[in-house]
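K.L.:
Mind looking over this structure? Questions follow.
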Amino acid sequence: MPLVANNTKRRMQAGEVALGFGVHHLRSVAAPALAAASGHDWLFLDNEHGAFSVNEIAQLCIASLPTGVTPLVRVCANAIDEATRALDNGALGIVMPHVDTAKEARHIAEAFHYPPRGRRSWGGPPAVYGYRPPSMAEAQKAINDEILTVVMIESPEALKNSADIAAVDGIDVLLIGTSDLSSELGIAGQMGHPKVIDAYATVGSACKKHGKILGMGGVYDEENASRYVGMGALFVLTGSDHSYIMMGADARSGFFTGLPRAAKS
């Protein structure tokens, strides 16, 4: 069976924006279909802050594969074992938070790629091949090319080291976690602050120099999101299921509570 293509990786390699659908509360295998129906390219399964079981992550990843929506899993910081288990069970990429140094980035890249590019363990017939892969050597090489490895820049130290992190082979995306970064910079939630703008310029320059992708997370207002996409962000998280539901529910409740009432007799 052919390997499932990482459409998100291909889209960004072509210079196009790839939109992420955040999943925090949803557990239904309808989630990737909803992401596809709403024009999203990748599923962001948040296992850093969400309360997912291993089985729920696996089921959501496997359900994503036939839809063309790329299943990506954010694990807890340094949780290599969680990440490789997700990759063995259908994920086409991992988002690793709180990466501050090139040394950490190299360890992550090696863990998520098979030899000779890394040290990932072969876990048997993988979901991304429909459990019918070709020879192990051929499958490992092909899978290495499809996996998307995303590291999050969320601290002043990571900003300082962003060029070195971007230079690491096997890292594809430097995703700015703007919420945590703004907190650590002492300007929590100020997404348009000059320090945040400078951070996007710094990381964007590092990505451009080393052929990596700039990512944007935590910025959802139109003014600032437009600014950072205009500065080169291609890997873009548009929000999460709770924000989508609240925005839609607020709009509908506002509409119905604003309707004129029939006069009392």
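The values are calculated or read from the model by the stated rules, or taken from the named source; none is laboratory data. Here the structure is a predicted model, which is why all the values come from computation and not from measurement. Note that we place each Cβ from the backbone using ideal geometry, even for glycine, and neighbour counts take in every protein chain shown. Surface areas here come from the heavy atoms of the whole protein model, side chains and all, with no ligands, DNA or RNA. Shrake-Rupley method; radii C 1.70, N 1.55, O 1.52, S 1.80 Å.
K.L.:
In region 106-127, whose amide N lies under 15 Å from the spot 7 Å out along Cα-to-Cβ of K141? List them in ranges.
P.N.:
114-118
K.L.:
In a GNM of the chain with a 10 Å cut-off on Cα contacts, which of G248, G50, G211 has the highest mean-square fluctuation?
P.N.:
The residue that fluctuates most here is G248.
K.L.:
If you rank D169, D88 by how much accessible surface each has, with a 1.4 Å probe, what is the order from largest down?
P.N.:
Of D169, D88, the descending order of accessible area is D169, D88.
K.L.:
Okay, next question. Comparing M231, M216, M96, which has the greatest mean-square fluctuation in the GNM of the chain with Cα pairs linked when under 10 Å apart?
P.N.:
In the Gaussian network model the winner is M231.
K.L.:
Cα centroid distance between region 100-172 and region 199-257, in Å?
P.N.:
24
K.L.:
If you don't mind, there's one more thing I want to ask. What is the distance, in nm, between label points placed 7 Å from the Cα along the Cα-to-Cβ direction at K209 and at R10?
P.N.:
Each label point is offset 7 Å from its Cα along the Cβ direction, giving 3.2 nm.
K.L.:
Hey, with R₀ at 22 Å, roughly what FRET efficiency would E223 and S243 work out to, going by the Cβ-Cβ distance, to 0.05?
P.N.:
0.85
K.L.:
Label point 7 Å out from W122 along Cα-to-Cβ: which residues of region 131-152 have amide N under 13 Å?
P.N.:
Under cut-off, by backbone N: 133-143.
K.L.:
Tell me the mean residue ellipticity at 222 nm calculated for the chain from its helices only (DSSP H runs of n ≥ 4, each -39500 (n - 2.57), averaged over every residue, nearest 500).
P.N.:
That comes out to -12500 deg cm²/dmol.
K.L.:
From the C-alpha coordinates alone, can you work out the Kirkwood hydrodynamic radius of region 163-251, in Å?
P.N.:
So the Kirkwood estimate lands at 13.7 Å.
K.L.:
A further question follows. Name the most mobile residue of G15, G215, G170, meaning the one with the largest mean-square fluctuation, in a Gaussian network model of the chain with Cα contacts below 10 Å.
P.N.:
G15
K.L.:
Once each part is reduced to its C-alpha centroid, what is the distance from region 5-42 to region 75-96 in angstrom?
P.N.:
With region 5-42 and region 75-96 each reduced to a Cα centre, they are spaced 17 Å.
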